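All remarks here apply to the structure that follows.
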Amino acid sequence: MIACVAVVGHQNNPLYLQSFTGADDALKLHHIVHCSLDVIDERVNNPKRSVITLNESYLGLLYPTESYKVYGYLSNTKVKFLVVTTDLDVKDTDIRSFFRRFHAAYVDAVSNPFHVPGKKIISRIFAVRVSGIVKAFAPGTYG
Amino acid sequence: MILHTMIQILALLWHQIVAVFAEFRRDWAEALRFYEEAYRALREMIATSTRLPPVQRLVEIRAVAEQLFFKISTLLLHGGKVEEAIAWFNRHFNSYKHLVGLDEVSFLHWDWLSRQFLVFAELLETSSAAIPNTLSSHFGTPESSLTEWEIQPAYYYQLAANYLREKRYCLDNLLSTGDSEFSRTSGKVPESVMPSVFIGQSARLVEQGDMIEVLPLSDAEYVQYALSEAQRFQDSYEIIALFRKACESFTNLKAPRLASLCSNRMAKEYFFTEDFTDAKKLFDTVSSLYRQEGWVTLLWESLGYLQECSIRLDSAKDFIEYSLEMASLPIFANGDQEIPDSKREYGPAGLPSQSRREALQSEVLSLVRGEEIVSRTDRGCSIAVTKEQPVRIDVDIISPLRMVLLVSVAFHDQSVKPGSPVMITLSLVSQLPCSIEVDELEIEFNQPKCNFIIINAVEEISAARSNGDNQDVRIETAPSIVLPTNKWLRLTYDVKSDQSGKLECLSVTARIGKSFKICCQAESPASMEDLPFWKFEGMVQTFPTKDPVLSFSGQKVIQVEEPDPEVDLILNASSPALVGESFVVPLTVIPRGHEVYSGELKINLVDARGGGLLMSPRETDPFSSGNHHVELISISRMGGDDESRIHSDKIKKIQQSFGVVSVPDLRVGDKWSCKLEIKWHKPKSVMLYASLGYSPNSAEAARVNVHRSLQIEGKIPISITHTFMMPFRREPLLLSKVKSLPGADQNVYLPLNETSILIVTARNSSEVPLRVKSMMIQSNSNKNETPYSIQHVGGVSADDSLLVPGGEFKGVFSVRPKIDSPNLELGSVCLNWNRDLTLSDSEDSGVMTEQKLPAVIVEQSPLVVSLEFPPHAILGIPFLFYIKVSNQTNLLQEIKYSLGDTQSFVFCGPHDNAGFILPKMEYVMSYKLVPLCSGSQQLPQATITSLRYSAALNPSVTATTIFVYPSEPNFFVADNEKETILAKLNL
């Protein structure tokens, strides 16, 4: 199941962060997402070391904690997408397709003429859509 | 069942023994295989073994598993199989992580887990050399399930610390409740318990007489023993050490966020051990990263701890700062629900929420208005703000407290006259969740006289100023100074400054309550940065001032102009300057309204076309004289009297293009003048800047400056040209001139030992009349014997002859070279002149303009042709025309000559002929011509050709022109004068 999704901006500032577990571990998830940015920096700044990941936006598994795994995705505009899952065995293709849908939802949200680039995403429709994508990823969780 | 267990134990033992032997034989693969088998056998025993009481059984199994895993991972790591070792570790961890056991002894489980991580971290660290570099190239790809940090020991150190922390929580909970089942049942801690000879078992030694017996323990006894053992250890120090180790490694690995997570945990541990100074230091560094990247929730947690640390350290100022920052943070989470157990997760601050923000604000406001604040973790600790210990917070442009109070100051103008008022708008905004009322605003400028105070009208002025230390400060009142959330409070006032220069608003200090002040550095609206955190919020953009132009371009600085000077500075130059002369510019200082004290006059010469210095760029030494094209020579008092020259004790400094002189004190009605002597070396247009700085009265330091500038053209006064000519109707044959291509070179060829004529023309190219005093040719060589002789033979009279603009002056010189030289220097033309209208100095010695004559080529001419005929002829009257060719060589010369026909003359004599000339002899061809037309007529064209040199000589048109009178003219020329002229021509 997906514990948390996040969109992180250019200055590594959180643009959107939603947890799906319950409020008590929100802080922990914030910490996890924040620490995962180190791995993204490492992979993006050392292209020699990650030849394969450079060519695509999907960054792969970033950071396994004891009970979570973090996957990352980097858009062309250097906006970072992160997902924290509690499933320790997730198929790569599932995560990829999740990120594609997540990215599409983000693109639609920031295409809103009233949205100022670089600011937090406050669109309710985006939130609804993201939780829809999250539910679709793990239908058993909320069913 | 028992049999099955025994078989399992035997299998385990057997595998282990075989593995140890294999290791002994250095058969690593075999050893690994058997250790793995043993580990698997152990796994099977977890559920089935009943040999020991349950608690001790679990402890034993974990101990054996730890030892087997240690062996396996050591073998794998030393074999360079890092990935496998890590996979093994994960498997090991996953197998045992849920094997917590009873609640009472869960701390043993966490302790054991922490140890697993610690041991593996140390193993990784010691075998880091064996980790191949290629491993890191495929992180995050489907081929590798590993990520960057998993091969780093720091990752495991950090997790070891985390589990040790978990152990500490469990232990603390256990001890705090204090009514565990075991403590009730068993009572006291058993004595003389020691580790048994078997791994993971404990036993009690009982002395029975001389015999020492080893007895097994019951579970209750064991738990008591384990609890008492656990209490003896200071876990916090271990946790801090582990986190520090991880933090340092992550910092070295350039993973600042992971490092700050470790610092955060470390700080929490310090907080737990009540080491608030260290905790505060660490939390401060951590929060700076969160501030920088805008992670509100993480910052909130750290700030909550910092708040508590400040109370415990009895620092009201820090407490207020942290609380205000927290209250002004935009909350990230959208939920507002309080979770009962949020304290452990979020620390003392609790869950970030709007209501918490409001509560924090009101808490701080009540603190600054005199109430006490009690610590949340220790009720005995409190802080208060008192009159004796007032609190003042400074907010600069990088402070996070800009969110609490942001002050933008804009002057409505860019410059102002001294003494006249200018409008200033103060705009204040706060992001605190509730409106905040300010009692007093103090505005501070760099000119303290302009400072003023705005008082909330609700307050009594007398009460506000009761301290009375700033009696002379201007006081304004405002109906109310209330700052609503995110809404600009705009206040506009007049400011008047008498002092010229920069007037800048430095800060605005807001006073809330009797003893709390918050001092904000003033910011210009034009260069205001976005607020941290709030810049990511989707707020409506607001402007500090109502006037949008002022919001974009307003400045907190204004230029107070100088008072208008009331002194005249008159610079005058009647005409353009001439190159070479000392050009005098009179300068006059006349006080009109001001008196002049300690005046200083600065003179500066600048190239009018730009480029600054008046010297050629190629000259390396800028101070050597003569390099400057225009030079300031002197500044002297008007009147020409030597004694009135400015005394050296006054400031006087003259450089080539810059001069400073002091001006005496002058009253209104006085007048002071001086003259500037400037010399031009090159024709250049120059800006002359004169600036007079003075004090209008002797006491005041403020200075007034008067500036004047004057553009002066530097012109070349006289252009000198020259021409060489042969004597009239005399043409020497110059062989090299004949050979050279026409127009190829501009060389001048002169015949040796022949007199040539040099005509020097001086033309007045300026706009002023000049007087030529003398013209001469000066030889360059100092020797008495010059290789040529030059004599002044005529021209316009050189005695002070007036040269009007455009007029010419001609000097005629005869030149007679004495040596054959391809490069004969003839010296320079020296022209001494002065202006016709002299200024004050009538006894001017004049200006010498010198121009070098080009070198000439002197050579012996083999043949010289001279034409002879009368100066004029009369129509119809025949006259004689001689062409004389003189041979100057020692050779026999053959010549051909011809005379063409013209319509104006008939002549007798041969048309074409040839002849020989003996050495040093002369050949004469004579013709008799009868003019047929009157007027200036061209004689028949004569051509003389030298066969030896293949050179033809055609006399020039001027040389063969004769004037034909229609009839006999009457001349009234005295004979002797005629002779003189002829004699000079024939020289």
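Nothing in this text is a laboratory measurement; each read-out follows from the coordinates by a stated rule. Predicted model, so just to flag it, every value in this text is computed and none were measured. Quick reminder, even Gly has a Cβ in these numbers, built from the backbone with ideal geometry, and neighbours come from all protein chains shown.
Thinking of the stretch A:2-136 as a set of Cα atoms, what percent of all their pairs are more than 21 Å apart? Everything past 21 Å amounts to 37 percent. A straight chain from residue B:97 to residue B:535 at 0.36 nm per residue would run longer than the Cα-Cα distance by 153.3 nm. For residue B:888, what charge total do you get from the other residues with a beta carbon under 11 Å from its beta carbon, if Lys and Arg give +1 and Asp and Glu give -1? For residues surrounding residue B:888, the net value is -1. Counting Cβ atoms of other protein chains within 10 Å of each Cβ in A:62-72 and taking the mean gives 3. Relative contact order for chain A: 25 percent, from Cα pairs under 8 Å spaced at least 6 residues apart, divided by residue count.
Sorted from fewest to most neighbouring beta carbons within 10 Å, what does the list B:413, B:275, B:210 look like?
Details: B:413 12, B:275 17, B:210 5.
Ranked by crowding around the Cβ, least crowded first: B:210, B:413, B:275.
Counting every other Cβ atom within 10 Å of each residue's Cβ, B:658, B:250 order from fewest to most as B:658, B:250. Do any of B:280/B:517; B:167/B:317; A:28/A:135; A:91/A:135; A:28/A:91 go past 27 Å between their Cα atoms, and which? Result: B:167/B:317 exceed 27 Å. Rounded to the nearest 20 debye, the dipole magnitude of the stretch B:526-599 is 220 debye, with +1 charges on Lys and Arg beta carbons, -1 on Asp and Glu beta carbons, and the Cα centre as origin. Residues whose amide H lies under 5 Å from that of residue B:202, counting only those 5 or more places away or on a different chain, are B:196; hydrogens are built 1.01 Å from N in the peptide plane. Lys-Lys pairs in the stretch B:842-950 that are eight or more residues apart or on separate chains and whose Cα atoms lie under 23 Å of each other come to 5. Using R0 = 30 Å, the C-beta based FRET efficiency linking residue B:950 and residue B:908 works out to 0.50.
With a sphere of radius 11 Å drawn around the Cβ of residue B:683, what net charge do the other residues whose Cβ falls strictly inside it have (Lys, Arg +1; Asp, Glu -1)?
That sum, taken over residues with Cβ under 11 Å, equals +2.
Too long at a 30 Å Cα-Cα cut-off: which of B:496/B:671; A:69/A:119; B:254/B:281? Pairs exceeding 30 Å: B:496/B:671.
Note on residue B:81: lysines with a C-alpha under 16 Å away, same-chain residues under 8 apart excluded, are B:71.
Can you give the FRET efficiency to the nearest 0.05 for residue B:804 and residue B:965, using r as the Cβ-Cβ distance and R₀ = 30 Å? With a Förster radius of 30 Å, E is 0.30.
Partner lysines whose Cα lies under 20 Å from the Cα of residue B:679, excluding those fewer than 8 positions away in the same chain, are identified as B:602, B:652, B:653, B:715. Legend: mean number of C-beta atoms from other chains within 10 angstrom of residue C-beta atoms, peptide B:290-298, equals 5.
In debye, nearest 20, what is the charge dipole magnitude of the stretch A:2-136 about its Cα centre with +1 on Lys and Arg Cβ and -1 on Asp and Glu Cβ, if you could check?
460
Can you pull the Kirkwood radius for the stretch B:904-974, inverse mean 1/r over Cα pairs, to one decimal in Å?
Hydrodynamic radius (Kirkwood, Cα pairs) of the stretch B:904-974 is 14.9 Å.
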